[in-house]
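The values are calculated or read from the model by the stated rules, or taken from the named source; none is laboratory data. Note that the coordinates shown come from a computational prediction; the quantities given were computed from them, not determined experimentally. Virtual Cβ from ideal backbone geometry, glycine too; neighbours counted across all protein chains shown. Remember, those area values only see protein heavy atoms, side chains included, never the ligands or the DNA or RNA. Shrake-Rupley method; radii C 1.70, N 1.55, O 1.52, S 1.80 Å.
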Amino acid sequence: MGLTSRDGRAEFIALALASAETARELGAPIVPGIAAAQAALESRYGDSRLALANNLLGIKAGQSWAGPTLDLPTREWVAPTEQPLRAGHWITVTARWRRYASWADCFVDYGKIIARLSWYADAAEAAKRGDARAFLEGLLAKPNGPGAADDEPGWATDPSYREKVLGIAEQWGLV
């Protein structure tokens, strides 16, 4: 989409918000403002290679995904608990990503993932209440035990994800 100017970013936010609101109207348990802010962060306001596949939310294609895919590199945060002798650090890996026919399809699928996976139950409940901040909190990784294997995964591995999404949401008046 090539949205590097402020006007282009504003257009992206408006279009992403409209697509997220459509998904919400179709029953997706999401808060459209937070979803649009995530899309801006995940896709660099539509400028990422993944956005060309209408995947604005960084949704990976697991083994159960039967739709079209795209393989692209990504950066993942490795927490100190995963490699105890090293501090947290970034690594680059190649991942398989879902492709979508439209932005609305991406947001609908995002909602299906949130509704299906038990570790996003708090996010789904917050979406029912329209609580944007609690929705975002429900998407974050949660430690549940003494080891990383006991932790609930979150939407992203970036330890600053909450602050980044909230910063975008606040900048554009989405929360």
Criterion first (in contact with a strand residue (DSSP E or B) (Cβ under 9 Å, 6 or more places away or on another chain), modelled with pLDDT of 95 or more and open to solvent by 60 Å² or more (accessible area, probe 1.4 Å)) does Pro73 satisfy it? no
So which residues in segment 116-133 are open to solvent by 30 Å² or more (accessible area, probe 1.4 Å) and not hydroxyl-bearing (Ser, Thr, Tyr)? Arg116, Leu117, Trp119, Ala121, Asp122, Glu125, Lys128, Arg129, Gly130, Asp131, Arg133
Any residue in segment 115-144 that's among the small types (Gly, Ala, Ser): show its pairings with residues that are open to solvent by less than 30 Å² (accessible area, probe 1.4 Å) and modelled with pLDDT under 95 at Cβ separation under 6 Å, as long as the two are six or more apart or on different chains. Ala141/Gly154
Of all residues in segment 48-62, which are of a type in the set (S, T, N, Q), without any contact (Cβ under 8 Å) to a residue 24 or more places away in the chain and closer than 17 Å to Gly111 by Cβ? none
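May I ask you to verify whether Gly2 is modelled with pLDDT under 95, open to solvent by less than 60 Å² (accessible area, probe 1.4 Å) and outside any strand (DSSP E or B)?
For Gly2, the condition - modelled with pLDDT under 95, open to solvent by less than 60 Å² (accessible area, probe 1.4 Å) and outside any strand (DSSP E or B) - is met.
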If you scan segment 29-58, which residues turn out to be within 13 Å of Lys164 (Cβ to Cβ), open to solvent by 20 Å² or more (accessible area, probe 1.4 Å) and assigned to a helix (DSSP H, G or I)? Leu41, Glu42
Single match in Leu166, Leu139, Leu174 (criterion: modelled with pLDDT of 95 or more and surrounded by fewer than 19 Cβ atoms within 10 Å (Cβ to Cβ)): Leu166
Kindly list, by first and then second residue, each pair from a residue in segment 63-80 that is of a type in the set (Phe, Trp, Tyr) and part of a strand (DSSP E or B) to a residue that is at pLDDT below 95 and exposed (fewer than 14 other Cβ atoms within 10 Å of the Cβ), limited to pairs with Cβ atoms under 7 Å and residues at least 6 apart or on different chains. Trp77/Gly88; Trp77/Trp90; Trp77/Pro159
